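The values are calculated or read from the model by the stated rules, or taken from the named source; none is laboratory data. Note that the structure is predicted; figures quoted are calculated from it, not measured. Reconstructed Cβ throughout: ideal geometry from the backbone, glycine too, with neighbour counts over all protein chains shown. Each accessible area value is taken on the protein alone, full model and side chains, heavy atoms only, with ligands, DNA and RNA left out. Shrake-Rupley method; radii C 1.70, N 1.55, O 1.52, S 1.80 Å.
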Amino acid sequence: PLVLLHGMHLSATMWFSNIAALSRKYRIYAMDTLGGAGRSVVVQPLKSKSDLAGWLTETLDGLGITQTHLLGHSYGGWLALNFALKAPERIKRLILLAPLGLQPLVSQFWLRGIPAMLFPGRSFITGFMKWMTVEGFAVNELFVEQFVRGLKNFDPRYQIRAFPTAFSDDELRQIKAQTMLLIGEKEVSYDPQTAAKRAQRLIPNIKAELIPNASHGLPMERAELVNERILEFLNQE
């Protein structure tokens with residue numbers, strides 16, 4: 001099995017550029033994160049890292065998955081790192097695509113992102129998405145429309161309340177799984193080289209690479225190359 005965790009306030013549909021390639025060999029579980037603008041229904045808000053790890057543990061238990069490969073993008077990468085700390089025995093291999101949690105986010109992330117979440121008009125949201133993707137990349141219009149409608153109609157009472165702070169050196173040293181890290185060379189939410197170097201210095205079993213001509217949206221921006229790297233990593237002995 002290969003479990004996919006999407007970015008903040010997106011949904012499982014963000015993997016539309018990756019799912020065909022990844023599902024040829026692996027049983028894919030692409031879930032909508034609790035507390036995000038997807039189809040998963042929140043009964044009780046998730047307030048802590050322990051709550052987030054508990055939700056994923058219960059989900060895997062319900063699916064009968066004792067151990068899995070885990071892939072996360074952006075906030076999903078932060079969730080994956082958190083789960084790797086809380087339940088290391090459940091992860092076979094860990095894949096992080098432009099994950100949050102390696103470096104503090106730049107102020108522009110909040111200055112651009114918070115208005116898009118509080119006042120989810122198309123101009124705010126498309127402006128934020130344009131900033132987060134590499135210059136010249138056209139985000140799929142259906143995907144943009146879903147993002148806009150999701151934020152407009154999502155009940156803020158059930159939003160995730162555990163924000164993606166940077167993990168400490170000690171926490172990153174505790175990551176036991178074989179790990180692959182891919183970050184776009186033009187990442188804007190934090191400095192990509194600093195983040196990659198920190199991960200390589202602290203996470204014991206990691207392979208890190210900066211992807212050229214890619215920013216925060218690298219699973220879509222460089223889908224073919226990202227898919228290739230993921231499969232190479234999962235298929236190696």
(request) Determine one quarter of the surface area of the Cα convex hull of the chain, which equals its mean projected area, and express it in nm² to one decimal. (result) 11.7 nm²
(request) Enter the accessible area per residue of the chain (Å², integer; probe 1.4 Å; all protein chains in place). (result) 47 Å²
(message) Can you tell me which lysines have their Cα less than 20 Å from the Cα of Lys207? Leave out same-chain residues fewer than eight positions away.
(response) Lys92, Lys176, Lys186, Lys197
(request) Quote to one decimal, in nm, the extra length available between Leu111 and Lys86 on full extension: 0.36 nm per residue of separation minus the C-alpha distance between them. (result) 5.9 nm
(request) Just subtract the alpha-carbon distance of Glu224 and Gln200 from 0.36 nm times their residue separation and send over the number in nm, one decimal. (result) 6.2 nm
(request) Would you mind computing, in nm to one decimal, how far apart the modelled labels at Arg173 and Asn213 are, each placed 7 Å from Cα along Cα→Cβ? (result) 4.1 nm
(message) Can you give me the % of accessible surface on the range 1-70 that is carbon or sulfur? Probe 1.4 Å, all protein chains present, nothing else counted.
(response) 51 percent
(message) Can you compute the modelled spin-label distance between Phe119 and Arg161, with each label point 7 Å from Cα toward Cβ, in nm?
(response) 2.6 nm
(message) Taking only complete DSSP H runs, can you tell me which helices of the chain stretch 20 Å or more along their own long axis by Cα positions and average at least -1.0 on the Kyte-Doolittle scale?
(response) 49-63
(request) For the range 127-183, just say rounded, prolate or oblate: build the C-alpha gyration tensor, square-root its eigenvalues into a ≥ b ≥ c, call rounded for a/c under 1.5, and beyond that prolate if a/b exceeds b/c, oblate if not. (result) oblate
(message) So if a site counts as exposed when it's one of the trypsin sites (Lys or Arg not before Pro), its DSSP state isn't H, G, I, E or B, and it has at most 13 other Cβ atoms within 10 Å, what's the longest stretch of the chain without one?
(response) 48-160
